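What follows is a short report on a single structure.
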Amino acid sequence: MAANANGRVSMAANGGTGRNGLAKIHTEKKAEGICHDDSTPPVKAQTIDELHSLQKKKSAPTTPINGIQGPFSALSEEERHKQQLQSISASLASLTRETGPNVVKGDPAKQSETPRISHVSHHHVTPTISVSDSSLKFTHILYNLSPAELYEQAIKNEKGSFITSSGALATLSGAKTGRSPKDKRVVRDQTTEDDLWWGKGSPNIEMDEQTFLVNRERAVDYLNSLDKIFVNDQFLNWDPENRIKVRIVSARAYHSLFMHNMCIRPTPEELENFGTPDFTIYNAGQFPCNRYTHYMTSSTSIDLNLARREMVILGTQYAGEMKKGLFSVMHYLMPKRQILSLHSGCNMGKDGDVALFFGLSGTGKTTLSTDHNRYLIGDDEHCWSDSGVSNIEGGCYAKCIDLSREKEPDIWNAIKFGTVLENVVFDEHNREVDYTDKSVTENTRASYPIEYIPNAKIPCVASHPKNVILLACDAFGVLPPVSKLSLPQTMYHFISGYTALVAGTEEGIKEPQATFSACFGAAFIMLHPTKYAAMLASKMQKHGATGWLVNTGWSGGRYGSGSRIKLAYTRKIIDAIHSGCLLKADYKKTEVFGLEIPMEVEGVPSEILEPMNTWSDKKAYKETLQKLAGLFKKNFEVFVNHKIGKDNKLTEEILAAGPIY
Ligand SMILES: Nc1ncnc2c1ncn2[C@@H]1O[C@H](COP(=O)(O)OP(=O)(O)O)[C@@H](O)[C@H]1O
Ligand SMILES: C=C(OP(=O)(O)O)C(=O)O
Ligand SMILES: [Ca+2]
Ligand SMILES: [Mn+2]
């Protein structure tokens, strides 16, 4: 231990230990005759700059540029550095100007990094007339920075970035605080024309290749016009055989830290060997699209081009667009490999039983998959292959409106250094976050690496699910808190994807609104819903999984008169599903929806299990039930002429599994 300010007290260098195993404290003799106020040797620095240079040890950071001498280092450090920058430069190439910008690694504020320019500044084989001023300028690349570095970048350069009292980075996402599904476009070309789901109900709004390139150029030019940009090279999918390499190019430290948390973080060795990404995002969210560009209906555009393996973001800084955009890509790539992509959370019990939690935004995937008694596999995006379930992501993205330490301790404790806190309100002095404050938005969010949840299972893979839980947040208050589903019922409800949109996650939704979103994720699926449904049915059949419908929404009346089912009760219901108790309970069948509801669930008042009991106005209950049944029927009309897989019998059973009225 170093001397204290008076230079008199220090730990014994030889580590002599005292009573409690702690090092003993010795009192040194004062140097005789000399009037020192510091008896330790002076630091080996002559200037303050030299002192600063001593502060930072050369590390093996999450970037290969400094050359970690690993098993793959056949190339010289310089070669690798050059190759990597060339790859980034190619990513940023402006299509009309043939080459990428003059990229150079490091923060322009740090002069010492500038000499690296000489290695990479001559990508142009011959100067052509297309050379523009923009290709003469340098763009500094901040490559796979660490959270600490990203904090510094955000705080220095991005308004609204602050450290909260628990160490998280509070950020503002700007004008958009939720996703913009109406502004999402997918390039329709010869391949996607046949492969994808187009038309009514589909999330895939078409754009042509040319328009995509116009927007891409706009984004790339914007990014190249900046002095520095962030590049993240990371992975998706914990299944090593189906891992996808993604590159995220963005202008904000907030976006880079968000994706650092949400995607799988490569080891230094993996990064050294990263090579060319399978998919690239250009996030120029601060810059709008041109409203006069064909297909544009606002200044926001999120454009997906599967053939080019690229996504462009203009006019929205909401970070969730990136993670959900990549999820769309997985919904295309994985089914091609016979792997089912799932908008679900996943956890595993101590005995290895696996549960999936399907549900739309705000229905409880993150909350209920984060369970202190179970291992967390992931909170939002998974793949189900022949070898089991794997998480697509490396982090979680929790809603934090009304978050409390008591109700959700694991999520609360995950909000620490490294976590991005979006759009929350905090005390200007002590930086305590007020999670009840909706001043910026109701959709406040925390993004953290999955290992911030203490019982996360790393790697995030599990065996085949035993329970498939469909979460519906019923704003009408007529669906039972829990019902056991037959396979056809599971498929009927999976294809229907009923819930209420809860305020905030999507622009323009101010209060819960009944909605149907096929596969509990219509905004992200790329193929026709029946394709995913057929895969789910055959996997559930093969592995003997049981389906459940859990209403995490209203009870005792619709939104406005009833109240949301207590999280504590929902947790008890989920516990009973996991333990197998609920499978053995006595059931009765409800009218209209024909749902099997248990007579008892441990820890839950029995009277709430039958929704009608909780309504004082029974007539209103029956009318509301009929109304919801009608909405289900109407929604399902578009699916009645579709076969689910090759099984005619199952298709008929699914059609018969809806409400009867
Ligand atoms: N009975 C309930 N079950 C689940 N979540 C509930 C319940 N009641 C209130 N909530 C709240 O609803 C929100 C669910 O959000 P979240 O778990 O992030 O959903 P998702 O991950 O599906 O988007 C949380 O803020 C949670 O506290
Ligand atoms: C990030 C999102 O996911 P979820 O609300 O399902 O967690 C979203 O829908 O924008
Ligand atoms: Ca992701
Ligand atoms: Mn979630």
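The values are calculated or read from the model by the stated rules, or taken from the named source; none is laboratory data. This is a predicted model, so every value here is computed, not measured. Using ideal geometry, Cβ is built from the backbone for each residue, glycine included, and neighbour counts are taken over all protein chains shown. All accessible areas refer to the heavy atoms of the entire protein, side chains included, with ligands and DNA or RNA removed. Shrake-Rupley method; radii C 1.70, N 1.55, O 1.52, S 1.80 Å.
Working only within region 281-333, note down all residues that are aromatic (Phe, Trp, Tyr), touching a helix residue (DSSP H, G or I) at 6+ places or on another chain (Cβ under 9 Å) and more than 22 Å from His255 (Cα to Cα).
Tyr295, Tyr332
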Query raised in the report: Does any residue of region 444-454 turn out to be touching a Gly at 6+ places or on another chain (Cβ under 9 Å) and away from ligand 3 (no atom under 16 Å from the Cβ)?
Result: yes
Query raised in the report: Gly285: within 20 Å of the chain's Cα centre (by Cα) and either surrounded by fewer than 20 Cβ atoms within 10 Å (Cβ to Cβ) or farther than 19 Å from Ile525 by Cα (or both), yes or no?
Result: yes
Report task. For Ala284, work out the one condition from (1) out of contact with any strand residue (DSSP E or B) (no Cβ under 8 Å at 6 or more places or on another chain); (2) under 21 Å from Asn102 (Cα atoms) it doesn't fulfil. Result -> (1)
Report task. Go through region 258-282 residue by residue and tally those that are within 16 Å of ligand 2 (Cβ to nearest atom) and either modelled with pLDDT under 95 or not β-branched (Val, Ile, Thr) (or both). Result -> 5
Report summary line: The condition from (1) within 14 Å of ligand 2 (Cβ to nearest atom); (2) touching a Cys at 6+ places or on another chain (Cβ under 6 Å); (3) open to solvent by 10 Å² or more (accessible area, probe 1.4 Å); (4) not small (Gly, Ala, Ser) that Tyr435 misses is numbered (1)
Query raised in the report: With (1) more than 12 Å from ligand 2 (Cβ to nearest atom); (2) part of a strand (DSSP E or B) as the list, and Glu406 as the residue in question, which single condition is left unmet?
Result: (2)
Query raised in the report: Only one residue in Gly388, Gly362, Gly378 is in contact (Cβ under 8 Å) with a residue 60 or more places away in the chain and within 16 Å of ligand 3 (Cβ to nearest atom). Which one?
Result: Gly378
Query raised in the report: Can you find even one residue in region 407-415 that is basic (Lys, Arg) and in contact with a strand residue (DSSP E or B) (Cβ under 8 Å, 6 or more places away or on another chain)?
Result: no
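Do you know which residues across region 603-651 are acidic (Asp, Glu) and within 21 Å of Phe516 (Cα to Cα)? Lay out the reasoning, then the answer.
The initial filter retains those residues of region 603-651 that are acidic (Asp, Glu), namely 607, 610, 617, 623, 637, 647.
Selection gives Glu623, Glu637.
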Query raised in the report: Among the residues of region 207-253, which ones are within 23 Å of Lys457 (Cα to Cα) and assigned to a helix (DSSP H, G or I)?
Result: Pro240, Glu241, Asn242
Report task. Determine whether Leu356 is more than 16 Å from ligand 3 (Cβ to nearest atom), closer than 30 Å to Arg564 by Cα, under 18 Å from the mean Cα position of the chain (by Cα) and not hydroxyl-bearing (Ser, Thr, Tyr). Result -> yes
Report summary line: Within region 272-309, the residues that are acidic (Asp, Glu) and either without any contact (Cβ under 8 Å) to a residue 12 or more places away in the chain or more than 20 Å from Glu381 (Cα to Cα) (or both) are Glu272, Asp303
Report summary line: Selection from region 392-432 of residues under 27 Å from Ser180 (Cβ atoms), among the acidic types (Asp, Glu) and open to solvent by 10 Å² or more (accessible area, probe 1.4 Å) yields Asp402
Query raised in the report: So which residues in region 194-209 are without any contact (Cβ under 8 Å) to a residue 24 or more places away in the chain and farther than 20 Å from Phe327 by Cα, if there are any at all?
Result: Asp194, Gly199
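Among the residues of region 323-379, what is the count of those that are part of a strand (DSSP E or B) and either of a type outside the set (Phe, Trp, Tyr) or within 16 Å of ligand 2 (Cβ to nearest atom) (or both)? Even if it seems obvious, please write down each step before you answer.
Initial filter on region 323-379 (part of a strand (DSSP E or B)): 340-342, 344-348, 354-358, 375-378.
After this cut, where a residue has to be either of a type outside the set (Phe, Trp, Tyr) or within 16 Å of ligand 2 (Cβ to nearest atom) (or both) as well, the list is 340-342, 344-348, 354-358, 376-378.
Number of matching residues: 16.
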Report task. For region 164-177, state whether one or more residues are away from ligand 3 (no atom under 16 Å from the Cβ), open to solvent by 20 Å² or more (accessible area, probe 1.4 Å) and not in a loop (DSSP other than H, G, I, E, B). Result -> no
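Counting just the residues of region 139-155 that are within 12 Å of Lys110 (Cβ to Cβ) and of a type outside the set (A, V, I, L, M, F, W, C), which one comes out most open to solvent (accessible area, probe 1.4 Å)? Let's see the steps before the verdict.
So the first thing to find is which residues in region 139-155 are within 12 Å of Lys110 (Cβ to Cβ), and the list is 140, 142, 149, 152-153.
In the following step, the residues that additionally are of a type outside the set (A, V, I, L, M, F, W, C) were identified as 140, 149, 152-153.
Numbers: His140: 22, Glu149: 73, Glu152: 108, Gln153: 14 Å².
Among those residues, the one meeting the criterion is Glu152.
Output the residues belonging to region 438-472 that are of a type in the set (A, V, I, L, M, F, W, C) and open to solvent by 30 Å² or more (accessible area, probe 1.4 Å).
First, pick out the residues of region 438-472 that are of a type in the set (A, V, I, L, M, F, W, C): 440, 446, 450, 453, 456, 458, 460-462, 468-472.
Answer for region 438-472, where residues must be of a type in the set (A, V, I, L, M, F, W, C) and open to solvent by 30 Å² or more (accessible area, probe 1.4 Å): Val440, Ile458, Val461.
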Report task. Just one of (1) assigned to a loop (DSSP other than H, G, I, E, B); (2) more than 16 Å from ligand 1 (Cβ to nearest atom); (3) in contact with a helix residue (DSSP H, G or I) (Cβ under 8 Å, 6 or more places away or on another chain) trips up Tyr532, so point out which. Result -> (1)
Query raised in the report: For Asp647, which of the numbered conditions (1) within 15 Å of Val478 (Cα to Cα); (2) acidic (Asp, Glu); (3) open to solvent by less than 90 Å² (accessible area, probe 1.4 Å) fails to hold?
Result: (1)
